[in-house]
Amino acid sequence: MTKHHANQLSAIDHIVVLMLENRSFDHMLGFLYADSNNVSPAGQPFEGLTGKESNPGASGTDTVFKIAAGQAHTYYQPGADPGEGYAATNAQLFGNATAPTPPTATNQGFVDNYAATLAEESKRKGGVLPGTVAADIMGMYTPQTLPVLSALARGFAVCDHWFCSVPTETLPNRAFVNAGTSQGHMDDKTKAFTVPSIYGALGEHGVSWAIYGYNAEPLTRLDFADLTNAPDGQFGQFADFQAAAANGTLASYSFLEPSWGSSGNSQHPNYDVALGEQLIHDVYYALRHGPAWNRTLLLVTYDEHGGCYDHVPPPTNAVPPDAAPGEFGFDFKRFGPRVPTVVISPWIPAGTVFRSSGATPFDHTSILSTIERRWGVPALTARDAAAPDIADVLSLSTPRTDDPLAGEVVPASKGINPAAGRPSHLQKVCAALAAQLPVRDTQGRRVPHTLPQLHTDADYDRYIGQRVAEWKASRNAPAP
């Protein structure tokens, strides 16, 4: 566990988490301190890239490279969606879809797995950036191409040993950040969970919370039974978050989602990364310009690595959350790959590289353990009970007034979105969950409903919005 000394966690009244999609640490922040030999201004070592890291490919060795700035395709890299499920992650880490015993990762399978993924993607119509090759998975963003994320990482704290909770795709990892377990599930086929969430636990202890979608009802609401039935006032969209920040009415814990569509700001490969830079900027300034800035802790992270290259093997000392048997024989004793995580507060010294001081690294359940410590809420599972919290990052005795993001220009992409109009995976998840919502008639009887055929991302957005509105209207209608 993290050793606790003087920190300012008690000064924090608002914890805000923005969780984006499917990017690895090296891919987004590996070159953050390349100009200082991977040592921060505070003199702390940083587990970044040297530029010599490589993977074997079909025609030899493919080495990491910096994604060029100013190109039409700069913010659509990698040019196709990499493999991201359990088997694909195993292939990236071990070179085989089945993990060996012991599970000693070499992280040498990213190019080969991306080649296989590209071959599959090319059979489908559209969605791949023309000219994309397997070696492109070794392309990395830089502070020049990601000025917002990088300035915040340099200006506050970057966690260079933060791992996603499980070596697989989105929904199990989002279940860990929201409930400390995926109930044994290891892929996105399971879309909803029956365990208590952190929100239910906070509510039981009189601690306020809110979940915000970007321009739609948050997916998270549909994922957990104790959220679906919560009052509508606990949920909102990004404009509602901005208003709460400006008005000084933020909840104690706020969880933010991006927009899930292919034209949205989630940063899911191969959508427009620049739109995510704008979202991070807007979240930061909503808080910074609000009256509660000196009492706020903002954490920006990503649910999983999404098949993007990272050179650090994930640790194998994870604590299984519960007794649920893992799908595919997984034992929940190893973490997933590193993901970018930046911690922002005026109580944090600039140039901080922040890691757990104990044997257990940070993972998504460190968010839960920090919330639990701040407000005296019991752990949900054995995983968050064992997770180190991040309180010690708040090490200054007085809050800073400088703005590390001042003068930075949010980037804009020049190219054409290769996935434009295509429904995203999470839009399909949202639609499937929305179709199951119990819409009732005026007599209180559930109206039979089947998910209709939908084709474009606009079709999905329209359907989800209409279905959720019908459900809200029926659940809030007076009893017959």
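Using θ = phi - 60° and the Karplus relation 6.51 cos²θ - 1.76 cosθ + 1.60, list the HN-Hα couplings for the stretch 272-284 in order, rounded to whole Hz, with x at every Gly or Pro.
Residue by residue, the stretch 272-284 yields 6, 5, 4, 5, x, 4, 5, 5, 4, 4, 5, 5, 4 Hz.
Using modelled backbone amide H atoms (1.01 Å from N, in-plane), which distant-in-sequence or interchain residues come within less than 5 Å of Tyr302's amide H?
Those lying under 5 Å, H to H, from Tyr302 are Leu20.
For n ≥ 4 DSSP H runs only, could you compute -39500 (n - 2.57) per run for the chain, divide by its residues and tell me the 222 nm figure to the nearest 500?
On the way: 14 runs with 133 residues, N = 480.
Computed ellipticity for the chain at 222 nm equals -8000 deg cm²/dmol.
Relative contact order (percent) for the chain, with alpha-carbon contacts under 8 angstrom and 6 or more residues of separation? Don't jump to the answer; show the numbers that get you there.
Values: 1090 pairs, mean separation 122.0, N = 480.
RCO, the chain: 25 percent.
So what J values fall out for the stretch 220-225 if you push phi through Karplus, 6.51 cos²θ - 1.76 cosθ + 1.60 with θ = phi - 60°, rounded to Hz, Gly and Pro as x?
3J(HN,Hα) across the stretch 220-225, in whole Hz: 3, 4, 8, 8, 10, 4.
Quick one: compute the contact order of the stretch 318-464, relative version, from alpha carbon pairs under 8 angstrom and 6+ residues apart, as a percent. Could the numbers behind the result be given before it?
Values: 125 pairs, mean separation 29.5, N = 147.
Over the stretch 318-464, the number comes to 20 percent.
What does the net charge come to around Gly264 if you take all other residues with beta carbon closer than 9 Å to its beta carbon, with K and R at +1 and D and E at -1?
Working: positive: none; negative: Asp272, Asp457.
It works out to a net charge of -2.
When only Cα pairs under 8 Å and 6 or more residues apart are kept, what is the percent relative contact order across the stretch 208-259? The partial results should precede the final answer.
Numbers: 72 pairs, mean separation 29.0, N = 52.
This gives 56 percent for the stretch 208-259.
Run through the DSSP bridge list for the chain and note the antiparallel percent, rounded to the nearest 5. Show your work: numbers first, answer last.
Numbers: 12 of 36 bridges.
The antiparallel proportion sits near 35 percent.
Can you give me the Kirkwood hydrodynamic radius for the stretch 9-393, using every pair of distinct Cα atoms, in Å to one decimal? Write out the running numbers ahead of the final one.
Values: mean 1/r = 0.0482 Å⁻¹.
So the Kirkwood estimate lands at 20.7 Å.
Got a sec to turn the phi values of the stretch 89-95 into Karplus ³J(HN,Hα) couplings, 6.51 cos²θ - 1.76 cosθ + 1.60 with θ = phi - 60°, whole Hz, x for Gly and Pro?
Running phi through 6.51 cos²θ - 1.76 cosθ + 1.60 with θ = phi - 60° gives 5, 4, 4, 5, 7, 10, x Hz.
Pairs of lysines 8 or more apart, or on different chains, with alpha carbons under 24 Å: count those in the chain, would you?
Lysine pairs satisfying the spacing and distance rule in the chain number 14.
Readers should treat all values here as calculations from the given coordinates under stated rules, not as data from a laboratory. Please read all numbers here as calculations on a predicted model, not as lab measurements. Virtual Cβ from ideal backbone geometry, glycine too; neighbours counted across all protein chains shown.
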